[in-house]
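**Q** Can you read through this structure? Questions will come right after.
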């Protein structure tokens, strides 16, 4: 068997856990690049024409912004919504800021890998219902932010951009400040806390947080074997939420990227190696994790995070998958009720639910 055939066969196997990919995957499971090509251009133009973010004046609107807001249902009635760009650490970052008339606090929210801020609308609505200001942004290489798609040289760049966003806008956002992140956004969130013991956050919420991806050892072996042959691998989609309407929306999302660069995977490996030496923190922390999550290695991740954040509450969901922000029905209600309770009343005893 020649090297190219070997690489083709080993790649899906080696990254089956990390990428939810297998040799038997059908073409119908791949991100629908034909559909993406139809709608990517308008939002691509928006990315290059975002106005500078200015919270001191009313939001500048254009047809491109209106179309983007309509597509992702980002219009809100209970708060002002500012949207624009900033320059940070060599990137142009797309930032959203939602502010009720008299907010009682503020939430900083970070999305996961290959997602973007607009997919957090359900979380944003929940936080606005609690009368919180909300700030969120597209990570470098994601959504409408600049950077090579879906990759980064090192995770510290994510952390540096977040720290810059926080430093620039925290004076406009009343305390207490809450931090929450999903998946990779969860990893960035907890690592920011661990690297900054003098942080100003009052509570931390982690949803399916990344520490290690699923099938960690197999993924590391596969990466080592296959990086001489490949720079990227194609994404394969397995539903990571029970919400079929969201699944269909995701498959047609124009801001999804069809490939995963091996550079990003190496950056994740490097970042994970640094985490063991991080000091613990007493910040009140809520960890929400689904037991049917096939994206992150949650049986390692949850105990690791509980050791780093001893003042924690952990909610394990028997039927929860990875996309906890966009789950369906009673499962979604349970997730958001737990978040509301944690933000309004604080730490309670550890929990496990269906």
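Any read-out appearing in this document is the output of simple, stated calculations on the displayed coordinates, not a laboratory observation. None of the values given here were measured: they were computed from a predicted structure. All Cβ positions, glycine included, derive from the backbone under ideal geometry; neighbour counts span all protein chains shown.
**Q** So, by mean Cβ neighbours within 10 angstrom, what's the order for 292-300, 226-234, 329-337, 183-191 with the highest one leading?
**A** Sorting 292-300, 226-234, 329-337, 183-191 by mean packing, highest first, produces 183-191, 292-300, 329-337, 226-234.
**Q** Considering the chain as a Gaussian network with a 10 Å cut-off on Cα pairs, which listed residue, 148, 77, 272, attains the greatest mean-square fluctuation?
**A** Comparing 148, 77, 272 in a Gaussian network model of the chain, the most mobile one is 77.
**Q** Same structure again: How high is the relative contact order of the chain? Use alpha-carbon pairs under 8 Å, at least six apart in sequence, and give a whole percent.
**A** Computed over the chain, the figure is 19 percent.
**Q** Taking 22 Å as R0, compute the FRET efficiency from the Cβ-Cβ separation of residue 299 and residue 276 and round it to 0.05.
**A** Plugging the Cβ-Cβ distance into 1/(1 + (r/R0)^6) gives 0.80.
**Q** Assuming 0.36 nm per residue, please report the length gained on full extension of the stretch residue 170 to residue 198 beyond their Cα-Cα distance.
**A** Gain in length upon complete extension: 8.6 nm.
**Q** Further question: State the extension gain, in nm to one decimal, for the chain segment bounded by residue 73 and residue 225, taking 0.36 nm per residue of separation less the distance between their alpha-carbons.
**A** Separation in residues times 0.36 nm, less the Cα-Cα distance, equals 50.4 nm.
**Q** Stretch residue 218-residue 49 to full length: gain in nm at 0.36 nm per residue minus the Cα-Cα span?
**A** 56.6 nm
**Q** Could the peptides 52-65, 310-323 be put in order, highest first, of the mean number of other beta-carbon atoms found within 10 Å of their residues?
**A** Top of the packing list down: 310-323, 52-65.
**Q** Further, regarding this structure: What nm value, rounded to one decimal, do you get for the distance between residue 344 and residue 330 when each label is placed 7 Å out toward the C-beta?
**A** Distance between label points: 2.2 nm.
**Q** Provide the FRET efficiency to the nearest 0.05 for the residue 307-residue 63 pair, computing r from the beta carbons and using R0 = 35 Å.
**A** Calculated value: 0.10.
**Q** Per DSSP H run of n ≥ 4, the term is -39500 (n - 2.57); total these for the chain, divide by its residue number, and report the mean residue ellipticity at 222 nm rounded to 500 deg cm²/dmol.
**A** Helix-only estimate at 222 nm: -12000 deg cm²/dmol.
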